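The structure appears below as structure tokens.
The values are calculated or read from the model by the stated rules, or taken from the named source; none is laboratory data. Just so you know, these numbers come straight off a predicted model, no measurement behind them. Note: ideal-geometry Cβ built from the backbone for every residue, glycine included; neighbour counts use all protein chains shown. What goes into the accessible areas is simple: the full protein's heavy atoms, side chains included, and nothing from ligands, DNA or RNA. Shrake-Rupley method; radii C 1.70, N 1.55, O 1.52, S 1.80 Å.
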Amino acid sequence: MMGPPNHACNHETDPPMPRPTLRSAAAELARREPTLAGLIAAFGPLTFPPRNADGPFGALVRSIVHQQLALSAAQAILGRVIGEVGGTLTPEAIAATSDDRLRAAGLSRAKLASLRDLADKVLDGTVELNGRTRRSDEVLIADLTQVRGIGRWTAEVYLMFELRRLDIWPVGDLGLRHGYAKAWRLDPVPTPKELLVLGEPYRPYRSIVAWYCWRAAAMNG
């Protein structure tokens, strides 16, 4: 006679492993490497800013608007864009607002084209924005960089701060490179290619290392 199924051995129904907390991931890094232990002790627990109130699409719109602008100018333009689209940043609202109104808000032609392309690609399904997606980092970056005006750095920052991905290592970021050089006492500052190799020992928590490197870069002395 066949007995009942052995659910204890059915790995397909096992719950997924819990996501590590920022605190536990930082503690693991501190155990691995004394320089990181010093940074973590000096700067305290890692904190990410709140997710964008307008969701993933709004976060990308904000990133595009802020490119190559001073913070105050970008915030002023963004506020006017939000007013023109009715108060909420959605692909539908961007698509429904005329070029003249968005240009009058202060968008350059290049940034307007980027926002149009982002809205179009989200609406037609070319780019999927899902804050809970389990797709890999590289797949998401490849999708996002199809959009005009979104390069790898913008995509990486979005994954780190909006999706809370823990293993992002934006080696093209000058602040990260300078912070790493400062913390590890390197001269000259590592190139992006060199930093890519230097970051390997810190998988799968390179986002956390990047955060502490940025803190080190901002530190006087």
Expressed to two decimals, region 179-221 has a Cα Rg over Rh, using the Kirkwood radius, of 0.96
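If you roll a 1.4 angstrom probe over the protein chains with everything in place, what fraction of the accessible area of region 56-125 belongs to carbon and sulfur, to the nearest %? Display every interim value, and only then the final one.
Working: 1720 of 3280 Å².
The nonpolar share, carbon plus sulfur, comes to 52 percent.
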Roll a 1.4 Å probe over the protein heavy atoms and report the accessible area of Phe161 in Å², nearest 10. 50
For region 191-220, list residues with backbone N below 19 Å from a point placed 7 Å from the Cα of Leu174 toward its Cβ? 191-196, 211, 213-220
Taking amide H positions as placed 1.01 Å from N in the peptide plane, with prolines and chain starts having none, which residues 5 or more places from Val85, or on another chain, fall under 5 Å of its amide H? none
Cα to Cα, under 23 Å, and not fewer than 8 places away if on the same chain: which lysines meet these conditions relative to Lys193? Lys182
Any lysines with Cα under 17 Å of the Lys121 Cα? List them, leaving off those in the same chain fewer than 8 positions away. Lys111
I'd like the Karplus ³J(HN,Hα) series for region 197-209: coefficients 6.51, -1.76, 1.60, θ = phi - 60°, whole numbers in Hz, and an x wherever there's a Gly or Pro. 5, 4, x, 4, x, 9, 4, x, 10, 5, 4, 5, 4
Peptides ranked, highest mean first, by Cβ atoms within 10 Å: ranges 40-52, 21-33: 21-33, 40-52
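With all protein chains present and a 1.4 Å probe, how do Trp214, Trp153, Trp169 order by accessible area, largest first? Walk me through the intermediate numbers first.
Details: Trp214 40, Trp153 125, Trp169 15 Å².
Per-residue accessible area, sorted high to low, gives Trp153, Trp214, Trp169.
Residues of region 44-187: accessible area per residue at 1.4 Å, in Å²?
On the way: 7090 Å² over 144 residues.
Heavy-atom SASA per residue in region 44-187 reads 49 Å².
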In whole Hz, the Karplus estimates of ³J(HN,Hα) for region 35-43 (6.51, -1.76, 1.60; θ = phi - 60°; x where Gly or Pro) are 5, 5, 4, x, 5, 5, 5, 6, 9
For region 129-221, what D do you get in µm² per second when you plug the Kirkwood radius from alpha-carbon pairs into Stokes-Einstein at 10 °C and 1.306 mPa s? 115
Proportion of all alpha-carbon pairs of region 46-164 beyond 19 Å (%): 43
Using alpha carbons only: equivalent-ellipsoid semi-axes of the chain, gyration tensor based, whole Å: 34, 28, 15
For the pair Ala113 and Ser136, how long in nm is the line joining their label points, each one 7 Å along Cα→Cβ? 3.2
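Rounded to the nearest 20 debye, what is the charge dipole size of region 54-170 about its Cα centre when +1 sits on each Lys and Arg Cβ and -1 on each Asp and Glu Cβ? Before the final figure, lay out each step's value.
Working: 15 positive and 15 negative charges, 47 e Å.
Taking the Cα centre of region 54-170 as origin, the dipole is about 220 debye.
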So, with points 7 Å from each Cα along the Cβ direction, the Arg51-Arg32 label distance in nm works out to 2.6
Solvent-accessible ranking of Lys182, Lys111, largest area first, probe 1.4 Å: Lys182, Lys111
